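**Student:** Have a look at the structure that comes next, please.
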């Protein structure tokens, strides 16, 4: 069967999650074909935010300068009530532990063009636009995908694996009979994107407008672009509510018809869903096909990028025979609990935001005043998988990324490998044969502690840390015995050694 594959991976869906998958696969030398039913980049925005973690994952694609030109760091956020009292204000403009701003906004079509330019330069990677995946089925040793091109021609493609990143209405998920677990109550909202000129808008970059008469949200985007979202109420006329006059009215004059030019007005549904299964044989769900959340924390695209960053390096190790196919089982066990956390947090925030009862709103306001930390949840560790689990508090957590003295970020030194940052004394005391194995291959970069990365070990309060290619901590060690045990997790036990003066 191996000789009949058209590619190692077929990616269904050419949005930002699917194109990120193509880029990361191509970086690792896997071949991939993407199929996207639209003929061009979708002209209007859906996602508008990602965080420092997502930027760090995209850093590996070598497109940070273009991303910086395309994005806008988000500097402030607040939650206000009906009386326009600020219940909590959160500074979001920090240059965070990922060595990038903690929160950024963007115009999705601009982001997608940057990603598509990146894959155009990769060997063995192709995105076929105007092509629809009509059928997907597991076959011995791989997957078969039936496609229909824009001229109606049918073609059969075969690959080792399929990544289905075909959105919330995923046809692949439906064809596999995978149901979704529902979180919270669905609610219809009006979303409006456009250019606001010669009018101030809100001062903060993101505002949760907890008005019990009509909940809303505000986001400032790059340039003159802004987004506002308004909860649809009983009695609203769905045709009238999206007119310029109605938008001016329900925004309370924040988006005046004379100053705001809409690019998109649409009604969509806030919903919380998680697919009950993320894998069927050699078919993997990713992005909105696997999970959907209300946009309250802007984690939708972030979660999709995390899916891809978690899966691609595992596919690479399995394809090269470095790891057993069982490694792929950890994709769902690690990612699903993490995604569920953010769906639950977003649903909880949406419940707060969508309160229409004045008395319930009063109780909500009191709760937020007393619990301001609820406005900024802390991301959890991965679920069970390839890490030390409960052995230490850092296992499964996203690692910090130090910036070295010359301005180089740690990941640029490590590349696509595992990273082992270790105290020289601890490393020199390790078994000689083990060190020889560590220094004989290509899977891991060893960095013997230097002044530039000492802060990483200090932050983790340890003498050695092993970081996976998706930048999550596999485990830490403080003694020779712990170090020996930690190193045994490495695939192939083969690394390139880097020694910095």
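Please treat every number below as a calculation from the coordinates, not as lab data. Predicted model, so just to flag it, every value in this text is computed and none were measured. Cβ atoms come from the backbone with ideal geometry, glycine included; neighbour counts cover every protein chain shown.
**Student:** Let me check against my output: what whole-number percent is the relative contact order of the chain, with C-alpha pairs under 8 Å and at least 6 apart?
**Tutor:** With pairs under 8 Å counted, the relative contact order is 15 percent.
**Student:** Here's something else I'd like to know. In 5 Å bins starting at 0, how do the alpha-carbon pair distances of the stretch 181-271 split up by percent?
**Tutor:** In whole percents, the pair-distance histogram is 3, 14, 26, 27, 17, 9, 4, 1, 0.
**Student:** Next question, about the same structure. When 1/r is averaged over all different Cα pairs and the result inverted, which Kirkwood radius in Å belongs to the stretch 389-498?
**Tutor:** 13.6 Å
**Student:** A follow-up question, please. Which residues does a label at residue 489 reach in the stretch 354-394, if reach means a backbone N under 20 Å from a point 7 Å past the Cα toward the Cβ?
**Tutor:** Under 20 Å, as judged by backbone N against the label point of residue 489, lie 379-394 of the stretch 354-394.
**Student:** Looking at the chain only, what percent of DSSP beta bridges run antiparallel? Nearest 5 please.
**Tutor:** Percentage antiparallel, nearest 5: 70.
**Student:** Relative to the present Cα-Cα distance, how much length would full extension add between residue 356 and residue 479 at 0.36 nm per residue of separation?
**Tutor:** Answer, rounded to one decimal: 38.6 nm.
**Student:** Scaled to the compact-protein estimate 2.2 N^0.38 Å, what is the alpha-carbon radius of gyration of the stretch 1-125, rounded to two decimal places?
**Tutor:** Compared with the compact-globule rule of thumb, the stretch 1-125 sits at 1.30.
**Student:** Continuing with this model, one more query. Run the numbers for residue 233 and residue 436: contour at 0.36 nm per residue of separation, minus the present Cα-Cα distance, in nm.
**Tutor:** Gain on extension, residue 233 to residue 436, equals 66.3 nm.
**Student:** Something else: Based only on other Cβ atoms within 10 Å, what is the fewest-to-most ordering of 202, 268?
**Tutor:** 268, 202
**Student:** Tell me, what is the percent relative contact order of the stretch 217-308, built from C-alpha pairs under 8 Å that lie six or more residues apart?
**Tutor:** So the answer I get is 15 percent.
**Student:** For residue 264 and residue 320 in the same chain, what is the full-extension length gain: residue separation times 0.36 nm, less their Cα-Cα distance, in nm?
**Tutor:** Roughly 15.6 nm would be gained on extension.
**Student:** Further, regarding this structure: Using only Cα atoms and rounding to the nearest 10 degrees, what angle (0 to 90) does helix 330-353 make with the longest principal axis of the chain?
**Tutor:** On a 0 to 90 degree scale, this one is about 20.
**Student:** Relative to the longest principal Cα axis of the chain, at what angle does helix 300-319 sit, 0 to 90 degrees, rounded to 10?
**Tutor:** 20 degrees
**Student:** Inverting the mean 1/r over all pairs of different Cα atoms, compute the Kirkwood radius of the stretch 426-491 and quote it in Å.
**Tutor:** After inverting the mean inverse Cα-Cα distance, the result is 12.4 Å.
**Student:** How do 82, 112 line up, fewest other C-beta atoms within 10 Å first?
**Tutor:** Result, fewest neighbours first: 82, 112.
**Student:** Still on this structure: In degrees from 0 to 90, rounded to the nearest 10, what is the angle of the helix 358-370 Cα long axis to the longest principal axis of the chain?
**Tutor:** Rounded to the nearest ten degrees, it is 40.
**Student:** For the chain, compute the orientation-averaged projected area of the C-alpha convex hull (one quarter of its surface), in nm².
**Tutor:** 24.8 nm²
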